[in-house]
Structures are given as C-alpha cells and as structure tokens.
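In what follows, a structure is listed as structure tokens, so that the remarks can point back to it.
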Amino acid sequence: MKKLKSSLGLRLTIIGVLTLVLLIPSLLIQNLIRERENRRDSVAQEISQKWGKEQVIIGPVLSIPYTHHYTTEGKTQQTTRYAHFLPENLEIDGNLSPEVRYRGLYKAIVYNSELSISGSFPSLDLENLNVPAEDLMTEDAFVWVGISDMTGIKDFITINWNGNELLANPGVSSDDVVASGISISPDIETNSEYKFDFDLNLNGSSGLQFAPVGKQTNVTLTSEWTDPSFTGTFLPAQREVDESGFSASWEVLHLNRNFPQQWQGPNAEVANSSFGVDLLLGVDEYQKTMRTAKYAIMFISLTFLTFFMMELLTKKRIHPVQYLLIGFALLVFYTLLLSISEYMMFKFAYLIAATAIIGLISVYSFRVLADKLKTGIVFCVLILLYGYLYILLQLQDYALLMGSIGLFVVLALVMYLTRHIDWFEVMGNQSDGITQ
C-alpha cells in the first residue's frame with residue numbers, strides 16, 4: 001500500500017487499467033441505447049401496421065396477357081406472360097395531412113393523403129412485342145395501380161377511363177412489378193388513346209413515394225409538416241419549406257429512368273426509381289445519445305488525466321477506488337441523458353444530465369482534494385468537456401475537424417504542463433519526479 005501511494009508510475013498504470021475496464025460498462029450503455037431505439041421502432045411499426053405503412057404508388061400501368069410458347073425436353077408447352085405499357089403523361093397532385101400518434105413514451109408520424117391522379121395512354125405499339133396477334137389476349141387486358149400497403153385505402157376508388165366510371169377491384173393479376181394494388185378491366189382497342197383520372201384517399205406513415213411511370217411525370221405535394229426530407233431517385237425541381245409547411249414539385253422524363261415505356265415480363269427497376277418525401281420527427285434523441293456515448297472513453301481519459309496531473313504537480317494522492325467512483329459518475333451521465341431525453345427535448349435533457357454530473361463530481365472532488373482551487377479546476381474542465389461535446393453534436397459536418405483540433409489542444413496543454421517532469425523517476429518509486 002505504501003508503494004502504491006509513493007509510486008506515481010504504478011498509479012498511472014492502474015489508472016490506465018481502470019480506464020480500459022470502464023469501457024465495458026460504456027459498451028453496455030450503448031447496447032441499452034440500441035435496445036431503447038429498437039423498442040421505439042417496433043412501437044412505430046405497430047402503429048403503422050394498423051394505420052398504414054410507408055406508401056409507394058406505382059402506376060397506372062396497362063397490362064395485356066399473352067400466350068408464350070416454349071420447348072422443354074422436346075415438348076412444346078405454353079404459359080401466360082404479360083406485356084406492360086406506360087402512360088404518355090402522368091400528373092399527380094396531392095396534399096398530406098400529418099399527425100403524431102403516441103403510445104406510452106414513443107410516437108410515430110402518420111398521415112392522410114388526398115391524391116388526384118390523371119394522365120393518358122397513347123395508342124399501343126404491339127408490333128415491337130414480337131408476339132403473334134393470335135397469342136395476345138386483349139380482351140383480358142387490365143389497368144392497375146400498385147399500392148404498397150392496402151390497409152391505408154380509405155374510400156372506394158373509381159377510375160374515369162375515357163369517360164367511363166369503373167370501380168377498382170383489389171389485387172393485380174400479374175406480380176411482374178408489384179405485389180399489391182388495385183385494378184380495372186376496361187375495353188381495350190390497340191389503335192385508340194385513353195385518358196384517365198381518379199382520386200385516391202390513402203393513409204400512410206413516415207413517407208410517401210411515387211414511381212415515374214409516365215413518359216413525363218409531374219408530381220406536386222403540399223403539407224403543413226415543417227420538417228420534410230425529400231428522398232428517392234429524384235429531388236424536387238422546386239420546393240419551399242417554411243413555418244407553415246412545405247410544397248414540392250417533381251418533373252421526371254422517361255429518359256431519366258432505367259426502364260422503357262413498354263416491356264414484357266418482370267421489371268424491378270420501376271419500384272427502384274421511386275421518389276418522394278419522408279416526414280421527419282425532428283431530432284432523433286437516440287442517435288444523438290449514441291453519438292454522445294461514443295465519446296465516453298475520451299471523457300474518462302481526460303477527466304482521469306486532470307486528476308493525475310494534480311497528483312503530479314502537487315503532493316495530494318488520489319486512491320484508485322476514488323478514480324473508479326469518478327469514472328462511474330461519468331458513465332451515469334449517459335443513462336441520465338437517455339432516460340431524460342425520452343421525456344423532453346434533447347438539449348434540455350443534456351443540460352440537466354450534465355449539470356447533475358458536474359455538480360456530483362465537483363462536490364466529491366472538494367471532499368477528496370480539500371482545496372477550492374483544485375476543485376475549481378476540475379469544475380472548469382468538466383464544463384469545458386461537456387460544453388465542447390455539445391458543440392460537436394451540433395456540428396455534424398465539422399465534428400471530425402473540431403474533435404481533432406480539441407485533442408490537439410489538450411495534448412499541447414499536457415505537454416506544456418509536464419515539460420519539467422522526469423518520467424524516469426515518475427515511473428520508478430520516487431514520489432516527486434519534477435525537475436527544475
């Protein structure tokens with residue numbers, strides 16, 4: 001025990017070991033943050049399943065079945081395949097009415113969308129299909145609209161097809177492009193053009209996307225939601241976001257996408273080319289808390305370094321158990337931040353948690369160091385650390401730069417303060433390794 005008290009080198013080794021040991025609970029805290037985040041996501045998904053999930057609208061698309069002949073093992077067989085035709089132009093105007101749904105501590109953003117969809121199909125070019133006319137089943141042609149989650153449909157859907165009102169039925173006969181949706185079975189003549197329009201009252205959650213199936217696709221969306229994120233393959237040509245909500249419009253040509261105006265068989269590129277908007281809930285407190293927890297090793301190391309420097313520059317000795325208690329106090333900050341941020345805004349949760357831990361360590365330091373000046377130094381160091389970390393969290397684009405500068409400044413300060421220390425004596429059994 002006497003050797004432990006007199007040898008700064010031995011205590012420095014023990015402090016290093018304690019720092020590594022404290023990494024274990026810091027990793028457990030990160031796992032706790034992930035667990036709470038997963039719980040939040042599962043609750044949001046449960047709400048979405050009952051209201052309507054994120055919606056992806058594909059269509060309308062005109063599909064014509066045909067008989068495909070093929071030979072296998074010397075025998076000629078046949079199966080039914082589908083030829084798909086896209087509209088000449090597609091106009092979509094929509095309004096999103098969002099609301100936040102709560103379940104316990106957790107919340108999810110849901111919306112009701114009122115969409116007006118219109119456009120036209122050109123006369124069909126069947127010669128490029130390389131399908132014999134007798135194999136085409138034009139009498140079984142159908143027009144379909146892909147809807148990713150049918151739970152969200154709120155009203156009957158009537159499609160005006162060349163002046164004829166046709167009530168849509170659930171389901172799509174072909175799964176070449178979509179797995180779910182609605183369809184109608186109009187009379188098709190290959191040399192005719194067709195105009196269509198219909199309204200879609202649809203519930204969803206989180207976001208809404210569209211596939212650019214028109215030779216020219218124009219989409220306009222408005223909403224009172226003030227925190228949108230425009231996602232997908234295409235960004236809006238025009239957008240406006242202010243305190244009253246957002247409005248955005250997209251203009252997409254068929255040349256901008258990687259699929260043609262007509263094709264045969266499956267085509268996954270249609271869904272992969274979708275675009276739209278996500279409705280964000282603002283700051284994700286779990287992501288920010290996780291980013292904060294990743295700085296735990298830096299906080300523990302710099303705080304321990306502050307106390308060790310006091311040991312080097314004064315004759316006051318601090319027991320390893322006291323280092324351990326201070327390290328546990330630093331880790332409690334993250335659990336406080338996690339639990340409080342579930343009830344209030346992150347910045348207020350951070351302020352409360354940081355104030356509590358700074359106060360706890362400062363009071364404990366005064367009892368350990370029995371010196372107001374040294375306690376004041378600890379207090380100021382903690383203020384700088386927590387203030388600097390909060391700045392790093394706000395400056396996402398400059399976090400690496402600011403972090404590197406901060407570590408450089410700390411290293412330079414330590415090198416300056418220890419410039420007269422004889423480390424050979426410190427790592428030995430001498431209690432005072434400072435040279436003049």
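The values are calculated or read from the model by the stated rules, or taken from the named source; none is laboratory data. Bear in mind the structure is a predicted one, so any value in this text is a computation, not a measurement. Here Cβ is always computed from backbone atoms with ideal geometry, including for glycine, and neighbour counts include all displayed protein chains.
Kindly provide the set of residues from the range 244-282 that are part of a loop (DSSP other than H, G, I, E, B) and either modelled with pLDDT of 85 or more or among the β-branched types (Val, Ile, Thr) (or both), ordered by number. Please lay out each step first, then the result.
First, pick out the residues of the range 244-282 that are part of a loop (DSSP other than H, G, I, E, B): 244, 257-261, 265-268, 273-274, 280-282.
Within the range 244-282, Ser244, Arg257, Asn258, Phe259, Pro260, Gln261, Ser273, Ser274 meet the criteria.
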For this session: Output the qualifying pairs, or none if there are none: Cβ atoms under 9 angstrom, residues six or more apart or on different chains, first residue in the range 302-317 and at pLDDT below 70, second residue charged (D, E, K, R) and not in a loop (DSSP other than H, G, I, E, B).
Result: Thr314/Lys374
Problem set entry | In the range 326-346, the residues that are surrounded by fewer than 14 Cβ atoms within 10 Å (Cβ to Cβ) and part of a helix (DSSP H, G or I) | Phe328
Problem set entry | Leu221 within 16 Å of Phe275 (Cβ to Cβ), aliphatic (A, V, I, L, M), under 24 Å from the mean Cα position of the chain (by Cα) and not in a loop (DSSP other than H, G, I, E, B) | yes
Exercise. Where residues in the range 378-436 are exposed (fewer than 15 other Cβ atoms within 10 Å of the Cβ), among the small types (Gly, Ala, Ser) and within 39 Å of the chain's Cα centre (by Cα), which of them is modelled with the lowest pLDDT?
Worked result: Ala399
For this session: Considering every residue within the range 78-87, establish whether at least one is of a type in the set (Gly, Ala, Ser) and not in a strand (DSSP E or B).
Result: no
Seminar exercise, completed: Given (1) under 40 Å from the mean Cα position of the chain (by Cα); (2) of a type in the set (Gly, Ala, Ser); (3) at pLDDT below 90; (4) not in a strand (DSSP E or B), Gly214 misses just (3)
For this session: Could you pull out every one of the strands (runs of 3 or more DSSP E) wholly within the range 118-196 that has 3 or more residues that are surrounded by 13 or more Cβ atoms within 10 Å (Cβ to Cβ) and either touching a residue at least 12 places away in the same chain (Cβ under 8 Å) or not assigned by TED's automatic domain parsing to the domain that holds Phe85 (or both)?
Result: 142-147, 158-161, 181-184
Seminar exercise, completed: Of the listed residues (Thr72, Thr79), the one being surrounded by fewer than 21 Cβ atoms within 10 Å (Cβ to Cβ), touching a His at 6+ places or on another chain (Cβ under 7 Å) and free of Cβ contacts under 8 Å to residues at least 24 places away in the same chain is Thr79
Problem set entry | In the range 230-279, the residues that are surrounded by fewer than 16 Cβ atoms within 10 Å (Cβ to Cβ) and either charged (D, E, K, R) or not assigned by TED's automatic domain parsing to the domain that holds Asn128 (or both) | Arg239, Glu240, Asp242, Glu243, Glu251, Glu269
